[in-house]
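In what follows, a single structure is set out as structure tokens and then discussed.
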Amino acid sequence: MHVHHLNCISTCPLGGSLMDHGPGSVIQRGHLTNHCLLIETNQELVLIDTGLGTRDVENPQGRLSSFFLSLVSPEFRLEMTALEQIKQMGFDPRDVRHIVLTHLDFDHAGGLDDFPQATVHMMRSERDSAVKQETWLDRQRFRPQQWSTQDQWKVYDAGEGESWFGFNRVQQLEGISSDIVLLPLLGHTLGHAGVAVNTGSKWLLQAGDAYFYHQEMNVLNPHCTPGLNLYQIMMEKDRKARLWNQDRLRELKRTHSEEVEIFCAHDVVEFEKLSGRSAEVPAEKILKWEKPKPFQEGRL
């Protein structure tokens with residue numbers, strides 16, 4: 001497998017350095033990524049999360065809540081959507097046959113519409129919780145306007161697969177290599193999950209929103225910026241489960257750092273370390289691609 005790191009539209013939350021610990025003042029906006037993975041297999045492309053999509057860029061007021069538009073102020077740059085980055089990398093977006101979601105928050109599922117041919121995989125509890133729209137905050141974060149491909153969703157229950165480094169995993173994802181694993185990491189939402197990818201030399205664990213700041217994975221002195229700590233508390237559906245899973249991720253890092261690379265969805269430091277480029281730059285503008293061999297069908 002070959003794994004590509006994509007930042008699919010940054011968000012700029014209120015709070016400046018209280019959010020990202022950057023050089024800006026607290027009256028400025030912070031800077032967070034939407035870290036997605038594009039995985040090349042022998043037959044197809046698999047996308048891990050979608051970030052915000054082209055329809056979000058074209059019609060943010062109709063797609064997203066005014067509350068989150070004001071709070072996180074996404075940088076609506078069309079070239080940063082997964083669809084456009086995939087095109088510019090030399091791939092045909094129609095070859096994205098599968099999308100695996102950590103969860104259904106608007107900034108992780110906004111690009112689903114851009115891949116109408118893809119089967120979408122997620123936890124059953126995530127689908128059920130999002131569809132219910134029980135609370136005011138649920139209605140702000142889970143946006144049915146982004147769910148045009150709902151008929152192609154496949155859902156899974158926790159605890160049906162073998163253990164992965166001590167974590168429960170779901171059964172093998174239908175139609176996807178066993179080297180891509182869905183791991184329940186509940187807390188941020190009721191069906192939140194991490195996605196682990198076996199690159200051959202090391203596992204990559206995209207932990208979604210299980211944490212937000214790289215120093216939360218500091219095994220000796222874990223800490224978070226005040227703003228992101230408050231944001232996580234505001235967004236959590238199960239505090240006890242969220243904190244327990246953070247503890248488990250730190251223990252995984254302590255005991256298996258040579259075998260597993262852990263990263264979250266929104267940390268700029270982690271994204272730039274793994275991608276080797278600025279989070280402000282689309283993949284095609286920095287990486288030099290050797291023309292890929294065409295898949296059996298659909299590759300440009």
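The values are calculated or read from the model by the stated rules, or taken from the named source; none is laboratory data. Just so we're clear, the structure is a prediction, and the values are computed from it rather than from any experiment. SASA here: full protein model, heavy atoms, side chains in, ligands and nucleic acids out. Shrake-Rupley method; radii C 1.70, N 1.55, O 1.52, S 1.80 Å.
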Accessible-area composition of the range 1-109, carbon plus sulfur, in percent [1.4 Å probe] | 50
How are the C-alpha pair distances of the chain spread across 20 Å bins, as whole percents from the shortest bin up?
-> 36, 61, 3
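May I ask you to give the percent of accessible area on the range 199-254 that is carbon plus sulfur, with a probe radius of 1.4 Å?
Carbon and sulfur together cover 54 percent of it.
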Rounded to the nearest 500, what is the 222 nm mean residue ellipticity of the chain from helices alone, with -39500 (n - 2.57) per DSSP H run of 4+ residues and division by all residues?
-> -7000 deg cm²/dmol
What Kirkwood hydrodynamic radius, in Å, does the range 23-95 give when the mean of 1/r is taken over all pairs of distinct Cα atoms and then inverted?
-> 14.1
Relative contact order for the range 104-182 using alpha-carbon pairs under 8 Å, separation at least 6, rounded to a whole percent?
-> 30
Rounded accessible area of residue 269 (nearest 10 Å², 1.4 Å probe) | 80
For the chain, the per residue accessible area (1.4 Å probe, Å²) is 42
Any idea what the relative contact order of the range 10-104 is, in percent, if you count C-alpha pairs under 8 Å spaced at least 6 apart?
-> 28
Please give the solvent-accessible surface of residue 272 in Å², to the nearest 10, using a probe radius of 1.4 Å with every protein chain present.
-> 70
Restraint check, 154/202; 154/253; 202/253; 132/154; 154/237, Cα-Cα greater than 20 Å | 154/202; 154/253; 154/237
So for 100, 3, what's the accessible-area order with a 1.4 Å probe, most first?
-> 3, 100
Would you work out the relative contact order for the chain, in percent, from Cα pairs under 8 angstrom that are 6 or more residues apart?
-> 19
Among the DSSP H helices of the chain, those whose Cα atoms extend at least 20 Å along the helix axis and whose mean Kyte-Doolittle hydropathy is 0.0 or higher are none
Angstrom value of the Kirkwood radius, inverse mean 1/r, which spans all Cα pairs in the range 110-179 = 13.7
